[in-house]
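Quick notes on the structure that follows.
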Amino acid sequence: AMIYVKDEDGLYTGNPKTKPDAEFIPQITVDEMKARNLHDAVIEFPVLDLLQAARHVRSVQVINGLKPGNLTRALAGEHVGTIISAD
């Protein structure tokens, strides 16, 4: 797995900074992201293509690195933020 540290709590249906009604997405697949056409995503689409092609890394966990303890919790295996899986 891979942890992607950003300044957002994870993935939303829109940019939460400009769309306060955007909904948080705790877990999603790459195909679901592409089908929803989430272009305001906190992770770039080429990274998703690499994730689908990878043999060993099968998920990316997007966490907010500005919140104390999030990285430690994610490293301990806790579901923090959004988990994007290859399939």
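The values are calculated or read from the model by the stated rules, or taken from the named source; none is laboratory data. These figures come from a predicted structure and were not determined experimentally. When we count neighbours, we look across all protein chains shown, and the Cβ atoms used for this are built from the backbone with ideal geometry, even at glycine. These area figures cover heavy atoms from the full protein model, side chains too; ligands, DNA and RNA do not enter into them. Shrake-Rupley method; radii C 1.70, N 1.55, O 1.52, S 1.80 Å.
For residues in segment 1-13 being part of a loop (DSSP other than H, G, I, E, B) and touching a residue at least 40 places away in the same chain (Cβ under 8 Å), which is most open to solvent (accessible area, probe 1.4 Å)? Working first, answer last.
Of segment 1-13, the ones part of a loop (DSSP other than H, G, I, E, B) are 1, 7-10, 13.
Those still in the list that are touching a residue at least 40 places away in the same chain (Cβ under 8 Å) too: 1, 7-10.
Working: Ala1: 108, Asp7: 80, Glu8: 24, Asp9: 51, Gly10: 0 Å².
Per the stated criteria, the residue is Ala1.
Within segment 21-72, the residues that satisfy the criterion of being surrounded by 13 or more Cβ atoms within 10 Å (Cβ to Cβ) and of a type in the set (Asp, Glu) are Asp31, Glu32, Asp40.
Confirm whether Leu50 is farther than 14 Å from Leu11 by Cα and either out of contact with any strand residue (DSSP E or B) (no Cβ under 6 Å at 6 or more places or on another chain) or modelled with pLDDT under 85 (or both). Break it down stepwise before answering.
On the way: farther than 14 Å from Leu11 by Cα: yes; either out of contact with any strand residue (DSSP E or B) (no Cβ under 6 Å at 6 or more places or on another chain) or modelled with pLDDT under 85 (or both): yes.
Against the criterion (farther than 14 Å from Leu11 by Cα and either out of contact with any strand residue (DSSP E or B) (no Cβ under 6 Å at 6 or more places or on another chain) or modelled with pLDDT under 85 (or both)), Leu50 qualifies.
Report yes if some residue within segment 68-75 is modelled with pLDDT under 95 and among the basic types (Lys, Arg); otherwise report no. The answer is no; no qualifying residue exists.
Here's the yes/no breakdown for (1) more than 12 Å from Asp87 (Cα to Cα); (2) under 13 Å from the mean Cα position of the chain (by Cα); (3) among the small types (Gly, Ala, Ser):
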{"position": "Phe24", "(1), (2), (3)": "yes, yes, no"}
{"position": "Thr29", "(1), (2), (3)": "no, yes, no"}
{"position": "Asn37", "(1), (2), (3)": "yes, no, no"}
{"position": "Val42", "(1), (2), (3)": "yes, yes, no"}
{"position": "Phe45", "(1), (2), (3)": "yes, yes, no"}
{"position": "Ser59", "(1), (2), (3)": "no, yes, yes"}
{"position": "Asn64", "(1), (2), (3)": "yes, yes, no"}
{"position": "Lys67", "(1), (2), (3)": "yes, no, no"}
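Of all the listed residues (Glu32, Glu8), the sole one being of a type in the set (D, E, K, R) and closer than 26 Å to Pro68 by Cβ is Glu8.
For the condition without any contact (Cβ under 8 Å) to a residue 40 or more places away in the chain, over 20 Å from Asp7 (Cβ atoms) and out of contact with any Asp or Glu (no Cβ under 7 Å at 6 or more places or on another chain), what is the one hit in Ala76, Ala86? Full working, then the answer.
Values: Ala86 fails: without any contact (Cβ under 8 Å) to a residue 40 or more places away in the chain.
The conditions single out Ala76.
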